[in-house]
Structures are given as C-alpha cells and as structure tokens.
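*Asks:* I'd like to ask some things about the structure below.
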Amino acid sequence: MGKTLQKIKVSKVNEMPKKLGKTVTIGSHEIALFHLANGEFRAIENRCPHKGGVLVEGIVSGDHVFCPMHDWKISVKNGEVQKPDNGCVKTFNVEIEDGNVYIVL
Ligand code: FES
C-alpha cells in the first residue's frame with residue numbers, strides 16, 4: 001500500500017494573477033506556486049539549488065523562473081536547472097478543482 005496522498009487547498013485560481021508566484025508552506029516544505037501565462041499552475045521548492053535564492057521572487061517567463069539572486073533559469077515543469085548551470089529543485093503536483101488550487105503531497 002502506498003502512502004495516502006495529502007491534498008491541500010492553497011489558493012483560489014482567481015486570487016492569483018498570471019506570471020506571479022505565491023509562497024506556500026506545508027509542513028517542512030516551502031513551496032513556490034506559480035500561475036503561468038498559459039493558465040497552468042506549477043509548484044516547485046522555493047529554494048534555488050545554487051545559493052538558496054527565493055524562487056517565488058523570480059521572474060517567470062514561459063515555463064521557467066529566473067532566480068532573483070544570480071539569474072539561474074529553472075524549469076517550473078520538471079525542476080531542472082537549465083544549462084550552462086546544473087541542478088534540480090523538487091516539484092510538487094498541482095490540481096485545480098472548482099476554481100481552487102490544491103497541492104498534492
Ligand atoms: S542563488 Fe539562485 S542563481 Fe544563485
């Protein structure tokens with residue numbers, strides 16, 4: 001038997017402007033939740049693998065966020081740092097239901 005999934009309501013769709021992020025803390029996880037220009041929501045760990053920049057404060061462009069500290073480009077879809085830099089951040093599943101945004105852990 002797998003672990004029971006936790007589904008936590010973190011926002012309403014219409015409370016989050018597009019291309020902006022919101023910090024969500026769930027237990028020991030600090031998560032950057034982004035509303036992308038195409039309407040999708042994505043959630044990644046809110047800490048840059050370089051020197052701990054706060055990713056929710058970064059600029060969102062397409063499927064990527066640019067770290068506010070030294071401009072590393074990180075995919076909000078799979079958490080991968082784009083070349084020439086290397087690294088990865090954890091990603092979290094997001095579900096939308098009845099106009100609400102949930103993170104599934
Ligand atoms: S801390 Fe993110 S690029 Fe340096």
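The values are calculated or read from the model by the stated rules, or taken from the named source; none is laboratory data. These figures come from a predicted structure and were not determined experimentally. Glycine also receives a Cβ, built like all others from the backbone with ideal geometry; neighbour counts cover every protein chain displayed. Protein only, heavy atoms only, side chains kept; ligands, DNA and RNA dropped before computing areas. Shrake-Rupley method; radii C 1.70, N 1.55, O 1.52, S 1.80 Å.
*Asks:* What does the C-alpha gyration tensor say about the overall shape of segment 1-94? Classify as rounded when a/c is under 1.5, otherwise prolate if a/b is larger than b/c, or oblate.
*Replies:* Working: a/c = 1.77, a/b = 1.26, b/c = 1.41.
In terms of gyration-tensor shape, oblate.
*Asks:* Continuing with the same structure: What range in the chain is the longest one free of trypsin sites (Lys or Arg not before Pro) that are in a loop by DSSP and have at most 15 other Cβ atoms within 10 angstrom?
*Replies:* After excluding every exposed loop site, the longest remaining stretch is 20-50.
*Asks:* Let me ask another. What size of dipole, in debye to the nearest 20, comes out for segment 29-74 about its Cα centre when the only charges are +1 on Lys and Arg C-beta atoms and -1 on Asp and Glu C-beta atoms?
*Replies:* The calculated dipole for segment 29-74 is roughly 100 debye.
*Asks:* Which order do 33, 105, 5 take when ranked by solvent-accessible area (1.4 Å probe, heavy atoms of all protein chains), largest first?
*Replies:* 5, 105, 33
*Asks:* Counting other Cβ atoms within 10 Å, which GluC sites (Glu not before Pro) in segment 25-82 have at most 15 and lie in a DSSP loop?
*Replies:* In loop regions of segment 25-82 (DSSP not H, G, I, E or B), the sparsely surrounded GluC sites (Glu not before Pro) are 40.
*Asks:* Residue by residue through segment 11-24, which ³J(HN,Hα) values in whole Hz follow from phi under the Karplus form 6.51 cos²θ - 1.76 cosθ + 1.60 (θ = phi - 60°), with glycine and proline marked x?
*Replies:* Going residue by residue, I get 5, 9, 3, 7, 8, 10, x, 5, 6, 10, x, 9, 7, 10 Hz, with x marking Gly and Pro.
*Asks:* Which value, in debye to the nearest 20, gives the size of the charge dipole of the chain about its Cα centre, when Lys and Arg are +1 and Asp and Glu are -1 at the Cβ?
*Replies:* 100 debye
*Asks:* Something else now. Within the chain, what whole-number % of the accessible surface is contributed by carbon and sulfur, with the 1.4 Å probe and all protein chains included in the calculation?
*Replies:* 47 percent
*Asks:* Beyond 30 Å between alpha-carbons counts as too far, so tell me which of 3/90; 7/83; 18/90; 3/73; 18/51; 3/51 fall in that bin.
*Replies:* Those over the limit are 7/83; 3/73; 3/51.
*Asks:* Taking 0.36 nm per intervening residue step and subtracting the Cα-Cα distance, what contour gain separates residue 57 from residue 15 on full extension?
*Replies:* Taking residue 57 through residue 15 to full extension adds about 13.4 nm, to one decimal.
*Asks:* Could you give the length gained on full extension between residue 4 and residue 38, defined as 0.36 nm per residue of separation minus the Cα-Cα distance, in nm?
*Replies:* 9.2 nm
*Asks:* Distance from the Cα centre of segment 52-68 to that of segment 1-47, in angstrom?
*Replies:* What the calculation gives is 14 Å, centre to centre.
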